[in-house]
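**Student:** Before we start, here is the structure in question, set down as structure tokens.
No lab work stands behind these numbers, since they all come straight from the coordinates. What you see is a predicted model, and the numbers here were worked out from it, not measured in a lab. Neighbour counts are summed over all protein chains in view; Cβ atoms, including those assigned to glycine, are modelled from backbone coordinates with ideal geometry.
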């Protein structure tokens, strides 16, 4: 049910996962510290992460699974600095 989705927080590196025919990145994922990879939903917040490729972030959002892949709908994103 939709009501039982909990918000989680993950930390990791933003990585490209899909490109258009010109080689421009059109989708990203997060390679998390726990060695899991999460695809980022392509909504407004998800598109913002295209600017953070190869940067460390901490995101909170809701996870769903589709075709054995974890997809996160990002609600909040914080750019982490070293």
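**Student:** Would you mind finding the one in 5, 22 that is free of Cβ contacts under 8 Å to residues at least 12 places away in the same chain, exposed (fewer than 14 other Cβ atoms within 10 Å of the Cβ), farther than 20 Å from residue 81 by Cα and over 11 Å from the mean Cα position of the chain (by Cα)?
**Tutor:** Among 5, 22, only 22 is free of Cβ contacts under 8 Å to residues at least 12 places away in the same chain, exposed (fewer than 14 other Cβ atoms within 10 Å of the Cβ), farther than 20 Å from residue 81 by Cα and over 11 Å from the mean Cα position of the chain (by Cα).
**Student:** Also, quick follow-up: Could you list, in sequence order, all residues of segment 52-81 that are more than 17 Å from residue 15 (Cα to Cα) and in contact with a helix residue (DSSP H, G or I) (Cβ under 9 Å, 6 or more places away or on another chain)?
**Tutor:** 61, 75, 76
**Student:** So, of the residues in segment 28-48 that are within 9 Å of the chain's Cα centre (by Cα) and in a strand (DSSP E or B), which turns out to be surrounded by the fewest Cβ atoms within 10 Å (Cβ to Cβ)?
**Tutor:** 37
**Student:** If you go through segment 12-19 one residue at a time, do you hit one that is free of Cβ contacts under 8 Å to residues at least 12 places away in the same chain and surrounded by fewer than 17 Cβ atoms within 10 Å (Cβ to Cβ)?
**Tutor:** yes
**Student:** Still on this structure: Does residue 61 satisfy the criteria of being part of a helix (DSSP H, G or I), in contact (Cβ under 8 Å) with a residue 24 or more places away in the chain and surrounded by 13 or more Cβ atoms within 10 Å (Cβ to Cβ)?
**Tutor:** Here the answer is no, as residue 61 does not meet what is asked.
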